[in-house]
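Here is the structure we will look at.
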Amino acid sequence: MRRFSAHGLVLALGLAVVPRPLDAQAAASGSTRAAATITAADVARRVGIIADDSMLGRDTPSRGLDLTARYVADQFRRFGLRPGGDEGGWHQRYPIRRRRFDREASRVLLAANGVEAEVRFDRTARYLQGTIPAEPTTGPAVLVGGALDADAVGRMPLRDKVVVYVSDFAAPPSDRAIQVARAIRLGAPRAVLLVANLEPQAFAARIPRTMAPRTAVDLKLVSPPHVEVTEAAVSRVLRAANVDLHAVRSATTPVYRALADLRIRLELRDSVLGSLTAPNTIGILEGSDSARKREYLVYSAHMDHIGITPGRADSINNGADDDASGTAGVIELAQAFSRPGARPRRSIIFLTVSGEEKGLWGSRYFSEHPTVPISQIVANLNIDMIGRNWRDTIVAIGKEHSDLGATLDRVNRAHPELRMTAIDDRWPEERFYFRSDHYNFARKGVPILFFFNGVHPDYHQVTDSPEKIDAEKEARILRLLYHLGREIGDAPERPKWNPESYREIVDDPVRPRLSP
């Protein structure tokens, strides 16, 4: 038996209290080594695979999309992740139906103060979008128009109303008009009736474009049906309801008014032509803490793109930035976190979704059918287009809505070696917060950050190709996202919403609520 001197005993006792700092140093060292595995060469290689011509533009649904999902799953398997999809597999497949609008069986009925109109879907009405309900749609009518922007619409009480939307539909749709239309839809009305000031021939020419079969995800959810009617077909009824269409269109301020005398009834029908499915790919890294491993951080990106543009010599839309860059990023992060010493206390879900380009289909399906309890998801870090534009800057949308913004700022300051600054949303008027997959987490009460480098001339063009990706810049962004994920994954408390943002984005009586 070895004897200790007094000095040796003191030294031994001192060493006995050292393990925690040494463990922390080892963890920090392991984390640094894990972040270093994210390299420009790996990013470029993965983007090249995902955005290769062989993937055929990754339309939803398509063979190329399925090949991409299989590639992602193979990478997750290599890293030792646990499958997080259906029935113990890597994929969550969601149903898609091909439907055709039945214009002969559909009509819109309006009445006000003894004046009635029946609008048929021949030359005076066309179905635009939304769920075709099984029963006729009715509800209190409200008038919306004038000088609108998305913020003004966001303040209007539209829920469960039938919106009569009056604007200048003869002009080409501007970005502002598109954002207004999106804000109306997000207001959750029962239906939207657009009154079009078009000549009869011009309106009739639009109808065939809306009669083709449509592909839509079957979520068993209701989105408001949108129907466009000619001004001539409804002008008498609207005059009887005291609506001056010219005055509304020329108003210099927003118009919102209840139309108590107007009754609207939409009778819409369609038929199902066939059914398909599309994949989300899910891998899970279990957390190191026995209690916190039941909470999850989600890294997400969409692996789909817009497919093929017929009639061109170069017809494949490769979508290298949109969003092979984000999909490659999720794979790189999964590899980094699977390295020794990199596993945080909370678990991590690595999620690549499809159908984003169709209307956030895959993330919407996941948020409605989560493979872990949605209440146990503490944050979502979404990545969509991070391989172009500025070399030293990435936009982080949503910083102002939760304390994730402060966490990101703190992590960003701690890693100046990355030469990467995460800045606030530069384009609030574009409402990008509502336009990518993170929104489906936010609407369920999950705090989010959305990492995005903005659009460019190659956006949704066949020229969005792999050789234009700045892989070195993207690798630095991903290392920042790695360190941010470590901070969130190890933090004693889960991220918290700002109460005002929570009320604006989440507070909805038809959805489960989480505490802000």
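Every number in this text was worked out from the coordinates using simple rules, so none of it is lab data. Just so you know, these numbers come straight off a predicted model, no measurement behind them. Glycine gets a Cβ as well: all are built from the backbone with ideal geometry, and neighbour counts include every protein chain shown.
Shape analysis of the stretch 103-268 yields a ratio of the Cα radius of gyration to the Kirkwood radius, Rg/Rh, of 0.93.
Net charge near MET156, counting Lys/Arg +1 and Asp/Glu -1 over other residues with Cβ under 15 Å of its Cβ? Show your work: numbers first, answer last.
Numbers: positive: ARG155, ARG159, LYS161, ARG182, ARG185, ARG190, ARG257; negative: ASP149, ASP151, ASP160, GLU504.
Neighbour charge sum, excluding MET156 itself: +3.
Of all DSSP beta bridges in the chain, what percent run antiparallel (nearest 5)?
Approximately 60 percent, going by the DSSP bridge assignments.
Across the stretch 103-268, Cα pairs under 8 Å and at least six residues apart give a relative contact order of 42 percent. For the chain, the calculated P(r) over all alpha carbon pairs, in 10 Å bins from 0 to the bin holding the longest distance, is 4, 17, 26, 23, 16, 8, 3, 1, 1, 1, 0 percent.
Just how large is the dipole of the stretch 373-500 about the Cα centre, in debye to the nearest 20, putting +1 at every Lys and Arg Cβ and -1 at every Asp and Glu Cβ? It would help to have the intermediate numbers written out before the result.
Working: 18 positive and 21 negative charges, 43 e Å.
For this selection, approximately 200 debye.
Please say if the stretch 421-503 is rounded, prolate or oblate, where rounded means a/c under 1.5 for a ≥ b ≥ c the square roots of the C-alpha gyration tensor eigenvalues, and otherwise the choice is prolate for a/b larger than b/c and oblate otherwise?
Taking the square roots of the gyration eigenvalues as a ≥ b ≥ c, the stretch 421-503 is oblate.
Taking other Cβ atoms within 10 Å as a rough exposure proxy, GLU295, GLU504 sort from fewest to most as GLU504, GLU295. Helix content alone sets the calculated 222 nm mean residue ellipticity of the chain: runs of n ≥ 4 DSSP H residues at -39500 (n - 2.57) each, divided across all residues, give -9500 deg cm²/dmol. The order of SER300, SER275, SER465, going from fewest to most other C-beta atoms within 10 Å of their C-beta, is SER275, SER465, SER300. Listed from fewest to most Cβ neighbours within 10 Å, the set THR138, THR327 follows the order THR138, THR327. Just going by the charge dipole of the stretch 103-268, with Lys and Arg at +1 and Asp and Glu at -1 on Cβ, which of PRO133, LEU259, ALA191 is farthest out on the positive end? Checked the options; the winner is PRO133.
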